[in-house]
Each structure stands twice: as C-alpha cells, then as structure tokens.
Amino acid sequence: MDQDQALAELTELTELGNRFHGGYGIGKAAKWLVDRLNAVGLTASRMPVALPGWHPGATATVTVTHPWEEKLVCWPMLWSNGTRGPVTGRVVFLGNQGIWGDSQLWKRLSVVDDQGSVLAFLHVRDKGPAAPQPLPSGSDSTVPHLSISQWDGAAIIDRIKQGETVQVEVNADCRTTSDMTSDNVTVTIPGSGTGRVLVCAHYDTFWNTPGAYDNGSGTIALLNLARDLSANQPQRTVDLAFFTGEEWHLGGSRRYVDEVGSERLQELDFVLNIDGLGDSDHIELASGPEEFEQLVYSKIRASVERTRASTTVATRFPPTKGTDDMSFAVQGVPTAFLTFNNWHKLHQPDDTPNAGIARNIAWSVPVVRDLIETLDRPDRLSHVDFL
Ligand SMILES: [Zn+2]
C-alpha cells in the first residue's frame, strides 16, 4: 500500500461521519470495514458491545464573568450530566487529577455557589486545547464536568493564586442515556505454523472529531495489514480486532477479552496495538514485560534507521493506561503499543486526513508485519492493575 492509497481510504472512512459509540457513523464504518475484509476473501465477524449511553447535547459553555469577560472553548467530559440552564459561581482550585489512570496529569477546579455547594467541575488539560475525555470512575454524576484548555486553566488558577475571585457561568445539556451498542469487528488469518498473536486498532472516535489520526489511521493500517496477511500467509495465526468503545474506558477491548476467555488469551504470544499514526515524526512505544519492551524498541529503531533516519523513537515501560492493549496487559498478555503522537489534534474537530498521517500509515504496515513474524513469545506480564 502506498501513501496515496492510504490517504484515499482514510478520507473515505472519515467521510462516513464521526464514529462515536452508539452514533450513526460507527455503524456505517463497521459495515465499511466488513465489506472490505470480505472483499479479499476473509470472513469478518461482528461482536456487539453494549456500554452505558451518553449524549453530548447541543450546548456546552463556560464563560468567565469576573474579573474579566470571556467565553472559553470547552467540551463536556464523557458521562458528564448537564446543568438545568445556566449556573454561576466562584471557581476553586482543587489540585491535580489523573486522567486515564496516571497517563495524563490534569488540574481540577470546582465551581461553587455562595454556600460552597459544588455546581460544576472544570477539568484543565495538561497540555493543549480543551479536549473531551472519559471521566474517572466514581466522578460525581449529579453535576456537569467540562474540559477547558491548558491556557485558560492557567489564567484562572493564576488569578486565584493572587487572591482574586474568579466567577464563571456554566451551561451544558449533555446527559446519560440508556445503554447503546456498537460492534467490534474481528477476523482471523490462520498461520502456516505455530503461534498466535493479536493486532488491534480502535475505530471509534469522540463525537466532536473526524478522528483521522485518532484512530482512523490505525484502522486503515490494520485493514491493509489484513490484505497483506491474506495475500501472504503468516507463520503465526493472526487475530485482527477493530475495537469500538476505546474512548469509553476501553469498553470494546474489555468486552473482547471477556468474550474470548482465558484459554485464548494464554494462547496469544503478544498483542500489538496501533493507536494514533499522526503526522508527527516522533514514534512513541509503550510495552511490557520489560525485556519485550526493549526488543520492540530495538526492532522499531532498526526499521527507522533503515527507512527514515530523522524520526525519533521513545519507549515507555510499563504499558500505558488508556489504550486498548491495557485490557490484555491486565490479563498477563505481553503487549506493545505504537503511536505517532499528535496531542494537539487529539479529540479535535480539525483531526482530518493529511499526507503526513498517510505516510505513517504506509510506513507502519510492513513494520508491524515484521514484528508479527520475528518477535519470539515473551514471558507473561504480572501484577498489572487497571484504571
Ligand atoms: Zn485513540
């Protein structure tokens, strides 16, 4: 697959609409994937995934009313409830908040009335523009939770630290709903020899984004890996999974793990997760156990040196919370996660297809194929916990 082909397919996928769990576009995307997998002689299956429903609503505003006046860019956090009309209160700086476990360290503010009762929470992103993320388990579901940018958060906190009173008006009509369903799409390519691996990418998005980088890119890479594997039989048996519900605390991959059962998980030599082939020139890896992580790191570095020497590679151990490989890691399955991170495009309306993303899709397919063929079965992971 070349870069132009990758761009054409990514554009087609994103033009189906956003792929928000429970929304209209994700059903179209599932069919689009199944049709393309079946067209090369594979038999794709669907695995329905029901998750707690949520609707973003039509309104979400945070407006500073004192000591200056400004309407801030904001997004409701997933599973937040709304206000019933606008509410106004004083902002209190509470401290740090881990999002996706400890993967991102945000700041948390409350908006309180004259009696000190909480009217809303504001979540300040660690870096970049406001972006919706799922709320940590146990968040107060009776009040709205809205994400604001790093910069707006810093401006508010600055004033509070100087002893000033900052007032904001909050209005949001997002709401939880009954369960909603979308499908994991899976396919298996039998190997000529022994061993079994799983390669996955989530194809769902948030409601506010075309999700080209996150994660249309991994989806197109996985689709083209499927074509390559069907044309050139692998040694190992390869399970491919296009997950839904990644943005919903990994709901799709967690469902998959439950469905296939522990015997199949034990059979898997390792899991490779492709999430976010952005248009940057910087690769980030996260994997475990540590010997496996070092092996993946050296293989990727060797591929980079051969084909794109200017690209930098960073590696992280242990595996990161907040990506689908964690659903397998907590079951002891060795995992590796590959991304070209574009944090400023994450969950943004302007996460649209471009040549840089297409280049990184085209580059990643043979690199992942090589990992499937050449990495030995590592030891199991132990003592991994969840979000
Ligand atoms: Zn993602």
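If R₀ is 41 angstrom, what is the calculated FRET efficiency for the pair GLN3 and LYS161, using the beta carbon separation as r and rounding to 0.05?
Numbers: r = 48 Å, r/R0 = 1.18.
With a Förster radius of 41 Å, E is 0.25.
Kindly write out, for segment 234-251 in residue order, the coupling ³J(HN,Hα) from the Karplus curve 6.51 cos²θ - 1.76 cosθ + 1.60 (θ = phi - 60°), rounded to whole Hz, with x marking Gly and Pro.
Once θ is set to phi - 60°, the couplings for segment 234-251 become x, 5, 7, 6, 10, 8, 10, 10, 9, 8, 8, x, 5, 5, 9, 6, 6, x Hz.
How large is ³J(HN,Hα), in whole Hz, for each residue of segment 194-209 in order, when computed from phi with the Karplus curve 6.51 cos²θ - 1.76 cosθ + 1.60 and θ = phi - 60°, using x for Gly and Pro?
Each residue's phi maps through the Karplus curve to give 9, x, 8, 9, 10, 10, 9, 8, 7, 10, 7, 9, 6, 6, 9, 8 Hz.
Enumerate the residues in segment 337-369 having an amide nitrogen under 11 Å from the point lying 7 Å beyond the Cα of HIS282 toward its Cβ.
The answer is 341-344, whose backbone nitrogens lie closer than 11 Å to the label point.
Which lysines does LYS161 reach when only Cα atoms under 18 Å apart count, and residues fewer than 8 places away in its own chain are ignored?
Hits, sequence-local ones excluded: LYS107.
Need one word for segment 1-40: rounded, prolate or oblate. Basis is the Cα gyration tensor (sqrt eigenvalues a ≥ b ≥ c); a/c below 1.5 gives rounded, then a/b vs b/c decides. Don't jump to the answer; show the numbers that get you there.
Working: a/c = 3.53, a/b = 1.44, b/c = 2.45.
Note, shape of segment 1-40 comes out oblate.
Against the 2.2 N^0.38 Å scaling, with N counting residues, where does segment 1-95 land? I'd like the Cα-based Rg ratio to two decimal places.
Working: Rg = 20.7 Å, N = 95, 2.2 N^0.38 = 12.4 Å.
Rg over 2.2 N^0.38 Å, computed on Cα atoms: 1.67.
Rounded, prolate or oblate: pick one for segment 241-387, where a ≥ b ≥ c are the square roots of the eigenvalues of its C-alpha gyration tensor, a/c under 1.5 means rounded, and failing that, prolate if a/b is larger than b/c, else oblate. Please report the intermediate quantities before stating the final value.
Working: a/c = 1.91, a/b = 1.25, b/c = 1.52.
Verdict is oblate for segment 241-387.
By how many degrees, between 0 and 90 and to the nearest 10, does the Cα long axis of helix 290-307 differ from the longest principal axis of the chain?
80
May I ask you to derive the FRET efficiency for VAL92 and LYS127 from their Cβ-Cβ distance with R0 = 22 Å, giving the value to the nearest 0.05? Don't skip to the answer; put the middle values down first.
Details: r = 23 Å, r/R0 = 1.03.
Calculated transfer efficiency: 0.45.
Non-local amide H neighbours of TRP54 (under 5 Å, H modeled in plane, Pro and chain starts lacking H): which ones?
THR177
Straight-line reach from LYS28: which lysines have Cα under 30 Å away, leaving out those fewer than 8 places along the same chain?
Here the lysines satisfying the reach criterion relative to LYS28 are LYS321, LYS345.
With a Cα-only, solvent-free Debye model of the chain, what are the log10 I(q)/I(0) values at q = 0.08, 0.09, 0.11, 0.12 Å⁻¹?
So the normalised log intensities work out to -0.42, -0.53, -0.77, -0.90.
Tell me the mean residue ellipticity at 222 nm calculated for the chain from its helices only (DSSP H runs of n ≥ 4, each -39500 (n - 2.57), averaged over every residue, nearest 500).
Values: 8 runs with 115 residues, N = 387.
Taking each H run of at least 4 residues, the total per residue is -9500 deg cm²/dmol.
What percent antiparallel are the DSSP beta bridges of the chain, to the nearest 5? Write out the running numbers ahead of the final one.
Numbers: 52 of 78 bridges.
Restricted to the chain, the bridges split so that about 65 percent are antiparallel.
Which cross-chain or sequence-distant (5 or more) residues have an amide H under 5 Å from the amide H of LEU119, H modelled 1.01 Å from N in plane?
VAL111, VAL112, ASP113
Through the Karplus equation 6.51 cos²θ - 1.76 cosθ + 1.60, θ set to phi - 60°, convert the phi angles of segment 256-273 into ³J(HN,Hα) values in whole Hz; use x for Gly and Pro.
Whole-Hz 3J(HN,Hα) from phi for segment 256-273: 4, 4, 4, 5, 6, x, 6, 5, 5, 4, 5, 5, 5, 5, 6, 10, 10, 10.
What residues qualify as long-range amide H neighbours of ASP351, i.e. H under 5 Å apart, gap of 5 or more or another chain, H built at 1.01 Å from N?
Counting only residues 5 or more places away or on other chains, the set is GLY211.
With a 1.4 Å probe and every protein chain left in place, work out the accessible area per residue of the chain in Å², rounded to a whole number. Before the final figure, lay out the partial values.
Numbers: 15330 Å² over 387 residues.
Heavy-atom SASA per residue in the chain reads 40 Å².
Between ARG316 and GLU70, what is the spin-label point distance in nm, taking each point 7 Å from the Cα along the Cα→C-beta axis?
Result for the modelled spin labels: 2.9 nm.
How would you classify segment 57-173 from its alpha-carbon gyration tensor, with a ≥ b ≥ c the square roots of the eigenvalues: rounded for a/c under 1.5, else prolate if a/b is greater than b/c, otherwise oblate?
Numbers: a/c = 1.42, a/b = 1.13, b/c = 1.26.
Judged from the Cα gyration tensor, segment 57-173 comes out rounded (a/c under 1.5).
Ignoring ligands, DNA and RNA, please state the percent of accessible area on segment 57-173 from carbon and sulfur, probe 1.4 Å.
Result for segment 57-173: 46 percent of the exposed heavy-atom area is carbon or sulfur.
The values are calculated or read from the model by the stated rules, or taken from the named source; none is laboratory data. What you see is a predicted model, and the numbers here were worked out from it, not measured in a lab. Note: ideal-geometry Cβ built from the backbone for every residue, glycine included; neighbour counts use all protein chains shown. Areas reflect the complete protein model, heavy atoms only, side chains present, ligands, DNA and RNA absent. Shrake-Rupley method; radii C 1.70, N 1.55, O 1.52, S 1.80 Å.
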